[in-house]
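Data first, discussion second: the structure below is written as structure tokens.
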């Protein structure tokens, strides 16, 4: 079964809002093993909506359209459906009664314009709407299962889960498509490719895709099978092979975040951390504390933006800052040691760098970042060279800092 | 000129990531007065990408495709372009040199697989890529202006702004659709509507739309005209009317962020601020320091996650925390005063709250947040009651804190 999602509304084309409806529908269908092959967004224009429906009917078995079912003159979905499917609109007395009833429950009279919503294309089934007034539409013909749902997210979600997915389950052959994402950081897409190229066989059951971002590259595995268990096993086996090839570059799977992984490692060891941030300005603290339960291991952070703060809070000698510069290996180490001592934690983590766009020099260009890590027996710093964009540099610095902690905790796992 | 945006990648159909690229492109084209009529997303499948290109060529004058330009076997855009436009791929020695050069700059050798990226369809122009390796593609024929850009957001954005928009400007007839966003916080969508309903006239030249989010409601104004200047004036006039009706609830326009506005107010007064964060864990610091030049007014932050840190760094008496609880008006005020004194800044800003999902009690439920502000003559705190979601609560708390500073600075503007 191949599906197309059509989302309707001018605002989707202006790009000022995110089309979260199509994401929800895409995720729901994929989880059912229905392959989504196209997504189309179209404005509030009757001819273009009709065209989108015509095109979708040539290439999909299931079409779900969202939006444009309201009562006003810019809600055009039903008119387009009538044109595309060549059916008349039929007035349904019992639907009108339901609409009147739902207004009565809220204690307000039904505006006359809502009468329109009792019109349904010939031969279509009305889908019930728990959270709103507009019924959805379901048309089943020889080629297509067509559904139209409202654009209001709560109404759309309820209708997809309670009306559409059950209808699809009854009709679809049993087939499963499972995905898994392996998340890496600190290694480039092409380096990953060189390491695992030999594992990728286009004729194989597990498909591999690379999703690069500036914080790392995700590797997406896709397995298909008539049996869910079988697809799962194929993913497990392939994941194992990739982990063997890439080692610690893989930090997690699917929705696991780097900060969650770091938190888990600290919790396992019952150890604590404190953070001293300069150019990241609080990003590392914000990420670590976004994990529920982080107060167990995150004791405090300091955002020592000024040199004075570095000296006063972290005991970094002003003379050291003057000699080596605030962005230096030496100062990164002293910041990490300083915050560890201040907070009496097992680890002190620090970041100092030139985020840009100003502040760079030939010796210390924009993008230069030092990450320091202090612990009981030692302290050290690593140098990173990022790019030109302030925001990206800050985020990459935070990612590199969290990854440094992760790698250190893994390496010293046995010593816990 | 009518445009279609095509985004390429299986992950867009599975619904696990938001298609922010098409939003950015949609917004950029709309701002240029180019009407976006369709958006299509398609997976990593050569036949379906080709079909999407074929369909788009029948209904759009401008096509921008994003994604699938990487070096690996699942990057299929160029192969599909070759099929749809019936052109061969030609190897370009000078593009290979640029690719090698960009690897050399990073100090790593070029993997062999990247040679592919020097192949460009016959007659196409290569678009330069400041942030990455893969060049974009521009094909101009009798019917269509076709552009392909990488899917990595930073590379895509740079290419749209520096290669595509200039090319389109040269070629497009002059008609202007201008947008302006007025950004509000601290007021609900319906309250805004009641205040400005009388200004909205559907027959008027300026269209109004409401874009609510959990950090505030944006009001989008749209004006069309054959003359850019004329549309601009209409927007200016309408903005003025809305500002009169809503007053200080409007904090900025378009890409102005709340942290930028706060920074500007502090710079004007040559004043400084320090921040003490508990439940926001660094979010406020991260936002304030994301503004280039923020070191002028942001002296430091402390993330006092533990009670010990509140006492030790901010001098909040342990006895006060015990009596009133760490989440209380009293502690918020003491934290703000403490960080102001510690950093010797003009303002001390603090946040303490129950972000959730755990830690709530009947007296101090999840979502309860206090924001404190200390300054030369006084200090005070405000209470906020947010919702159930940890992440949303943290972001709303950071927004409320920054807004409290903004309102205070505006009120005391004349006193500077």
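Taking each residue of A:39-46 in turn, how many C-beta atoms of other protein chains fall within 10 Å of its C-beta, and what is the average?
Other-chain Cβ atoms within 10 Å of each residue's Cβ, averaged: 5.
Sorted from largest down, give the three principal axis spans of the alpha carbons of the stretch B:328-416, whole angstrom values.
Reported extents, whole Å, longest axis first: 42, 23, 19.
How far is helix A:329-343 tilted, in degrees, relative to the longest principal axis of the Cα atoms in chain A, given as a value from 0 to 90 rounded to the nearest 10?
Once rounded, one gets 80 degrees.
Hey, could you grab the Kirkwood Rh for the stretch A:176-253? Inverse mean 1/r over distinct alpha carbon pairs, Å, one decimal.
12.6
Which distances, in nm and shortest first, link the residue B:122 label point to the same label point in every other copy, taking 7 Å along Cα→Cβ?
Shortest to longest, the spacings are 5.1 nm.
What 222 nm value per residue comes from the helices of chain B, counting each DSSP H run with n ≥ 4 as -39,500 (n - 2.57) and dividing by all residues, nearest 500 deg cm²/dmol?
Helices in chain B give a 222 nm mean residue ellipticity of -12000 deg cm²/dmol.
Given label points at 7 Å from Cα along Cα→Cβ, what nm distances, shortest first, separate residue B:255 from the same residue in every other copy?
Here the equivalent label points are 3.2 nm apart from this one.
Taking the inverse of the average 1/r across all pairs of different Cα atoms in the stretch A:306-365, what Kirkwood radius in Å do you get?
So the Kirkwood estimate lands at 11.9 Å.
Would the stretch A:2-171 count as rounded, prolate or oblate if I go by the C-alpha gyration tensor, calling it rounded below 1.5 in a/c and otherwise prolate when a/b exceeds b/c, oblate otherwise?
Rounded, because the longest to shortest axis ratio a/c is under 1.5.
May I ask you to order A:94-103, B:295-304 by the average number of other C-beta atoms within 10 Å around their residues, highest value first?
So the order, starting with the most tightly packed, is B:295-304, A:94-103.
Just for the stretch B:258-411, what percent of DSSP beta bridges are antiparallel, to the closest 5?
Of all bridge pairs located within the stretch B:258-411, approximately 55 percent are antiparallel.
Which log10 I(q)/I(0) values does chain B give at q = 0.10, 0.14, 0.15 Å⁻¹ under the Debye formula, counting every alpha carbon as one identical point scatterer?
After summing over all Cα pairs, the log10 values are -0.88, -1.16, -1.22.
Highest mean first, how do A:108-114, A:276-282, A:376-382, A:346-352 rank when packing is the count of other Cβ atoms within 10 Å averaged over residues?
For the peptides A:108-114, A:276-282, A:376-382, A:346-352, the packing ranking is A:276-282, A:346-352, A:376-382, A:108-114.
List the distances, in nm and shortest first, from the label point of residue B:200 to the matching label points in every other copy, placing each point 7 Å from Cα along the Cα-to-Cβ direction.
4.9
Which of A:385, A:320, A:156 comes first, and how do the rest follow, when ranked by fewest Cβ neighbours within 10 Å?
A:385, A:320, A:156
Express as a percent, rounded to the nearest 5, the fraction of DSSP beta bridges in the protein assembly as shown (both residues included) that run antiparallel.
Around 65 percent of the beta bridges assigned by DSSP in the protein assembly as shown are antiparallel ones.
Beyond 21 Å, what percent of the Cα pairs of the stretch A:223-346 remain?
I get 55 percent for the Cα pairs in the stretch A:223-346 exceeding 21 Å.
Within 10 Å of each Cβ in B:274-282, how many Cβ atoms from other chains are there, averaged over the peptide?
6
Please state, as a whole number in µm²/s, the translational diffusion coefficient that the Stokes-Einstein equation yields for the stretch A:258-411 at 4 °C and 1.567 mPa s, with Rh defined as the Kirkwood radius across alpha carbon pairs.
Diffusion coefficient, whole number: 86 µm²/s.
Looking at chain A, what % of its DSSP beta bridges pair antiparallel, to the nearest 5?
Within chain A, antiparallel bridges account for around 60 percent of the total.
In peptide B:289-298, how many Cβ atoms from other protein chains are near each Cβ within 10 Å, on average?
Mean number of neighbouring Cβ atoms from other chains: 5.
Against the 2.2 N^0.38 Å scaling, with N counting residues, where does the protein assembly as shown land? I'd like the Cα-based Rg ratio to two decimal places.
Computed over Cα atoms of the protein assembly as shown, the ratio equals 1.00.
Find the all-direction average of the projected area of the Cα convex hull for the stretch B:1-96, expressing the result in square nanometres with one decimal place.
7.0
Read the figures in this text as sums done on the coordinates, not as results from a lab. Note that the coordinates shown come from a computational prediction; the quantities given were computed from them, not determined experimentally. Backbone-built Cβ (ideal geometry, glycine too); neighbour counts: all protein chains shown.
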